[in-house]
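Asker: Take this structure first; my questions come after.
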Amino acid sequence: MTRSLVSVPPTARRGEIVDIRAMIAHPMETGYRMGPNGAEIPRHIITRLVCTYGGAEVFSAEFFPAVSANPFVAFSLIAAESGTVAFEWTDDEGQTETASAEIVVS
Amino acid sequence: MRRPAARLLVLAPLALALLAGAAQAGDIAPHERRSGSTFMAPETQAMQADDTGNPGMLWVLQGAGLWEQKAGASGRSCADCHGSAASLRGVAARYPAFDAASGKPIDLSGRIRQCRSERQGATPWPRESDEQLALTTFVAHQSRGLPITPPAEPRLDPYRETGRQLFTSRMGQLDLSCANCHDDNWNQRLAGSAVTQAHPTGYPLYRLEWQGIGSLQRRLRNCMIGVRAEPFAAGSEEFIALELYLMQRAAGMSMETPGVRP
């Protein structure tokens, strides 16, 4: 089950700078740890987060093993048009998780 | 894992100081009681206060899903009997409660496991599993902001007394009781960490050190390992007695679930 929380202001004035936050539940297993039996715990991390606004990519980030579990990302956008702010996280097993929120610009 | 070892080393001088009788024994005065969150850095406090930045909310979200999910032979979900989760507002602030059927106290996690096996006819989740913690966090979250109100049930009193005795009994190779640190030295630091007053206001809570959510019993286990004692079994009577005493000790303080701690 995907667990992600995204925070996008529901309304904004045109040209306003708005804060965007996104958090997802993920173990971000580094691949450097050993389990109780001494066996290596395989790496399992999110490698990329992409945020699109009205279909166009506005923000992206690459994640590495040093990023904590349940990664939280905050950034800002200029509210230009009403539309969907969508997030897509991709992990190193190729799985993607998505979340989105609407913003109304007046 | 090198951290626990490092922590044990720093416990040793404290143990010596305590053996030397440097500390004053006694309960914390009511007006001096503080939630563990007030000992945190402002950044960590802000993380707890902001629902979009509090990682514990990920488990609340998962718990909300589990609340509606049908399970077991009964084919019923929590919501089918209890209705909206808002109906459980204040419930977690009253736990552990007295379970008339077994004649023993039961904690919130234990009650959820009991409900799952007896009412839903499903296999209960292990106590530290994601699902169990998520549902417990979701239920406890409904009481956020309410004062902790331990039930005035006289049959709980002997267990509270057991809890108080456990809290004040020295244990482990370092021969320290909970009270040695959390009653007598709560305004001190243990290496870089604040000692705090051990009020269980935010459980289950997200510890940055754990990178996940954990129960009060997990926290107590941590402390017991810290003083090199053998921890009580998960869900054991001792842990529930301790939990009863701790909730009594924190009576009137606000619930914070899901808390964030360093």
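The values are calculated or read from the model by the stated rules, or taken from the named source; none is laboratory data. From a predicted model like this one, the values you see are computed outputs, not experimental measurements. Cβ atoms come from the backbone with ideal geometry, glycine included; neighbour counts cover every protein chain shown. Only protein heavy atoms, including side chains, enter the accessible area calculation; ligands, DNA and RNA are left aside. Shrake-Rupley method; radii C 1.70, N 1.55, O 1.52, S 1.80 Å.
Asker: Please name all residue pairs, on different chains or six or more residues apart, with Cβ atoms under 6 Å, provided the first residue is in the range B:87-104 and is more than 15 Å from B:Pro258 (Cα to Cα) and the second residue is open to solvent by 20 Å² or more (accessible area, probe 1.4 Å) and among the basic types (Lys, Arg).
Answerer: Cβ pairs passing all conditions: B:Phe98/B:Arg155.
Asker: Which members of the range A:27-45 meet the condition of being away from chain B (no Cβ under 14 Å) and either modelled with pLDDT of 95 or more or open to solvent by 40 Å² or more (accessible area, probe 1.4 Å) (or both)? I'd like the intermediate steps shown before the answer.
Answerer: Within the range A:27-45, the subset away from chain B (no Cβ under 14 Å) is A:31, A:37, A:39-40, A:42-43.
A:Asn37, A:Ala39, A:Glu40, A:Pro42, A:Arg43, listed by residue number.
Asker: Sticking with this one: Taking the range B:237-262 as the search range and keeping residues that are polar (S, T, N, Q) and open to solvent by 20 Å² or more (accessible area, probe 1.4 Å), which one is nearest to B:Pro158 (Cα to Cα)? Break it down stepwise before answering.
Answerer: Step one: of the range B:237-262, the residues polar (S, T, N, Q) are B:248, B:254, B:257.
Going one step further and asking which of them are open to solvent by 20 Å² or more (accessible area, probe 1.4 Å), we end up with B:248, B:254.
Numbers: B:Gln248: 13, B:Ser254: 25 Å.
Ranking the candidates gives B:Gln248 first.
Asker: Then there is this: Does the range A:1-26 hold any residues that are more than 9 Å from chain B (Cβ to nearest Cβ) and either outside any strand (DSSP E or B) or more than 24 Å from A:Glu81 (Cβ to Cβ) (or both), and which are they?
Answerer: Hits for the range A:1-26 are A:Thr2, A:Val8, A:Pro9, A:Pro10, A:Arg13, A:Arg14, A:Gly15, A:Glu16, A:His26.
Asker: Would you mind telling me which numbered condition in (1) without any contact (Cβ under 8 Å) to a residue 40 or more places away in the chain; (2) open to solvent by less than 30 Å² (accessible area, probe 1.4 Å) B:Gly192 fails?
Answerer: Unmet condition: (2).
Asker: Mind listing whichever residues of the range A:88-106 are of a type outside the set (Gly, Ala, Ser) and within 14 Å of another protein chain (Cβ to nearest Cβ)?
Answerer: Residues of the range A:88-106 that are of a type outside the set (Gly, Ala, Ser), as a first pass: A:88-93, A:95-98, A:102-105.
Hits for the range A:88-106 are A:Trp89, A:Glu97.
Asker: For the list (1) within 14 Å of another protein chain (Cβ to nearest Cβ); (2) open to solvent by less than 40 Å² (accessible area, probe 1.4 Å), I need the number of the one condition that B:Met47 fails.
Answerer: The number of the failed condition is (2).
Asker: Can you tell me which condition A:Leu77 does not meet? The list is (1) in contact (Cβ under 8 Å) with a residue 60 or more places away in the chain; (2) in contact with a Lys or Arg (Cβ under 9 Å, 6 or more places away or on another chain); (3) in a strand (DSSP E or B), and all the others hold.
Answerer: (2)
Asker: Could you list, in sequence order, the residues of the range A:48-74 that are surrounded by 13 or more Cβ atoms within 10 Å (Cβ to Cβ), in a strand (DSSP E or B) and away from chain B (no Cβ under 13 Å)?
Answerer: Matches in the range A:48-74: A:Arg48, A:Leu49, A:Val50, A:Cys51, A:Thr52, A:Tyr53, A:Val58, A:Phe59, A:Ala61.
Asker: Being over 14 Å from B:Ser169 (Cβ atoms), open to solvent by 30 Å² or more (accessible area, probe 1.4 Å) and either among the hydroxyl-bearing types (Ser, Thr, Tyr) or assigned to a helix (DSSP H, G or I) (or both) is the filter here; which residues of the range B:216-236 pass it?
Answerer: Selection gives B:Arg218, B:Arg219, B:Arg221, B:Asn222, B:Ile225.
Asker: Pairs, please: C-beta under 7 Å, at least 6 apart or cross-chain, first residue on the phi > 0 side of the Ramachandran plot and in the range B:239-262, second at pLDDT 95 or above and open to solvent by less than 10 Å² (accessible area, probe 1.4 Å)?
Answerer: B:Gly252/B:Ile148
Asker: May I ask you to verify whether A:Val85 is closer than 18 Å to A:Arg14 by Cα and within 14 Å of chain B (Cβ to nearest Cβ)? Working first, answer last.
Answerer: Details: closer than 18 Å to A:Arg14 by Cα: yes; within 14 Å of chain B (Cβ to nearest Cβ): yes.
It is true that A:Val85 is closer than 18 Å to A:Arg14 by Cα and within 14 Å of chain B (Cβ to nearest Cβ).
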